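Everything on this sheet refers to the single structure shown next.
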Amino acid sequence: MTFPISYFIYPYFFFLAIWAILSLIAVFHMMKYSFRSFIAFFMTFSYLAVSFLLLMVFYNYFSAVDWQTNISIFEGIFNQNSFVI
Amino acid sequence: MLSLNSIPNQLPGEKVIKVLRRDIFNILKKLVYFLFFIALMVVFVFFVNSIMPDVTNQVYYPVLLLAGSVYVLFIWLFAFFSFIDYYLDVWIITNERIINIEQEGFFSRTVSEERLFRIQDVTSEVKGVFPTIFSFGNIYIQTAGEKERFVFEQVPEADSVRELIIKLAESDRERASGSLKKEELGIL
């Protein structure tokens, strides 16, 4: 079975969407329920800043990849010679 | 965001005396777990690089990159969850009440409060090596209210907080009985 590596981006986006939703929920809870303090603001800001940084770093790596490269899996698995003892 | 200048159901003349959270040792313990998972990933990257120096030219390199990205993002997310779990659990002692605010996961929050004069018994418990060294522990407060027992979990300086609550409860009881006597004299 041969397909371009870009197919793996779809499950990645699915996990990224889940991550983004959970992040929003976490930030929402901090904004709504935490007491106004430097630590609350600093930790929320740090989380968002580092998340943004991580996404930028990974985007940098991803942009260097040729996503149209084909990948083959299960090739030759049903080859007649595979069953020769 | 909430403010300590306007706590829930604030009474006239009520002042915040102490705000307690779990001891910092608890969050540091969780930080060690996350550092372990990060270290695990670093070891894996070094291992892959050592057995396959040209891994970036391999056809499955983008898949490893995607998986690594998801791994790191979720580790970071769960670290933030741990902080939220620590930070949103608060115990507030005022000159009138004790307030117990517990965040039990997301979309689940319990706020309990009790007047100081209804406090019947206060017990502090420091158990274990690290709680003894770092002086944190649990405080159990027995009340005459609907919620019979408040628990302050893993708070720093548990013994001195216990003494503080007992003093405040006694002075609040004296104040409450003094007001009652004045009302009775007024009636007579």
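Only one residue in B:Ile93, B:Ile84, B:Ile99, B:Ile141 is modelled with pLDDT of 90 or more, in a strand (DSSP E or B) and within 14 Å of another protein chain (Cβ to nearest Cβ). Which one? Steps first, answer last, please.
Details: B:Ile93 fails: within 14 Å of another protein chain (Cβ to nearest Cβ); B:Ile84 fails: in a strand (DSSP E or B); B:Ile141 fails: within 14 Å of another protein chain (Cβ to nearest Cβ).
Matching residue, one of B:Ile93, B:Ile84, B:Ile99, B:Ile141: B:Ile99.
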Open item on the list: Which condition from (1) at pLDDT 90 or above; (2) over 24 Å from B:Lys167 (Cα atoms) is the one that B:Gly105 breaks?
Closed with: (1)
Open item on the list: Given the condition facing another protein chain (nearest Cβ under 9 Å), touching a residue at least 60 places away in the same chain (Cβ under 8 Å) and surrounded by 12 or more Cβ atoms within 10 Å (Cβ to Cβ), answer yes or no: does some residue in the stretch A:49-60 qualify?
Closed with: no
Task: Filtered residues of the stretch B:8-38 (kept if polar (S, T, N, Q) and surrounded by 12 or more Cβ atoms within 10 Å (Cβ to Cβ)) - done: B:Gln10, B:Asn26
Task: Residues within the stretch B:20-37 that are farther than 25 Å from B:Val129 by Cα and within 11 Å of the chain's Cα centre (by Cα), tallied - done: 0
Task: Among (1) surrounded by fewer than 15 Cβ atoms within 10 Å (Cβ to Cβ); (2) in a helix (DSSP H, G or I); (3) without any contact (Cβ under 8 Å) to a residue 24 or more places away in the chain - the single one B:Met41 does not satisfy - done: (3)
Open item on the list: I need the full set of residues from the stretch A:3-43 which are part of a helix (DSSP H, G or I), over 29 Å from B:Asp89 (Cα atoms) and more than 7 Å from every other protein chain (Cβ to nearest Cβ), in order please.
Closed with: A:Ser6, A:Tyr7, A:Ile9, A:Tyr10, A:Pro11, A:Phe13, A:Phe14
Open item on the list: Looking at A:Ala40, A:Ala49, A:Ala17, A:Ala26 in this structure, which one is out of contact with any helix residue (DSSP H, G or I) (no Cβ under 9 Å at 6 or more places or on another chain), more than 23 Å from B:Leu64 (Cβ to Cβ) and not β-branched (Val, Ile, Thr)?
Closed with: A:Ala49
Open item on the list: Taking the condition of being farther than 21 Å from B:Ala176 by Cβ and surrounded by fewer than 18 Cβ atoms within 10 Å (Cβ to Cβ), how many residues in the stretch B:95-125 meet it?
Closed with: 11
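Sort out which residues of the stretch B:48-60 are within 14 Å of another protein chain (Cβ to nearest Cβ), in a helix (DSSP H, G or I) and not aliphatic (A, V, I, L, M), and write them in order of number.
So in the stretch B:48-60, the residues within 14 Å of another protein chain (Cβ to nearest Cβ) come out as B:55-60.
With in a helix (DSSP H, G or I) added as a condition, the list becomes B:55-57.
Hits for the stretch B:48-60 are B:Thr56, B:Asn57.
Is at least one residue of the stretch B:144-153 assigned by TED's automatic domain parsing to the domain that holds B:Asn100 and either among the hydroxyl-bearing types (Ser, Thr, Tyr) or modelled with pLDDT of 95 or more (or both)? Walk me through how you get there before you give the answer.
To start, the set of residues in the stretch B:144-153 that are assigned by TED's automatic domain parsing to the domain that holds B:Asn100 comprises B:144-153.
Next, only the ones that are either among the hydroxyl-bearing types (Ser, Thr, Tyr) or modelled with pLDDT of 95 or more (or both) stay: none.
Scanning the stretch B:144-153 turns up no residue that is assigned by TED's automatic domain parsing to the domain that holds B:Asn100 and either among the hydroxyl-bearing types (Ser, Thr, Tyr) or modelled with pLDDT of 95 or more (or both).
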Open item on the list: Given the options B:Tyr33, B:Tyr86, name the one that is touching a residue at least 60 places away in the same chain (Cβ under 8 Å), in contact with a helix residue (DSSP H, G or I) (Cβ under 9 Å, 6 or more places away or on another chain) and closer than 28 Å to B:Val126 by Cβ.
Closed with: B:Tyr86
Task: B:Val63 surrounded by fewer than 13 Cβ atoms within 10 Å (Cβ to Cβ) and within 14 Å of another protein chain (Cβ to nearest Cβ) - done: no
Open item on the list: Taking the criterion of being part of a strand (DSSP E or B) and either more than 14 Å from chain A (Cβ to nearest Cβ) or modelled with pLDDT of 95 or more (or both), would at least one residue in the stretch B:67-74 satisfy it?
Closed with: no
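The values are calculated or read from the model by the stated rules, or taken from the named source; none is laboratory data. As the structure is a prediction and not an experimental result, all values here were calculated from the model. Every residue, glycine among them, receives a Cβ derived from its backbone with ideal geometry; neighbour counts consider all protein chains shown.
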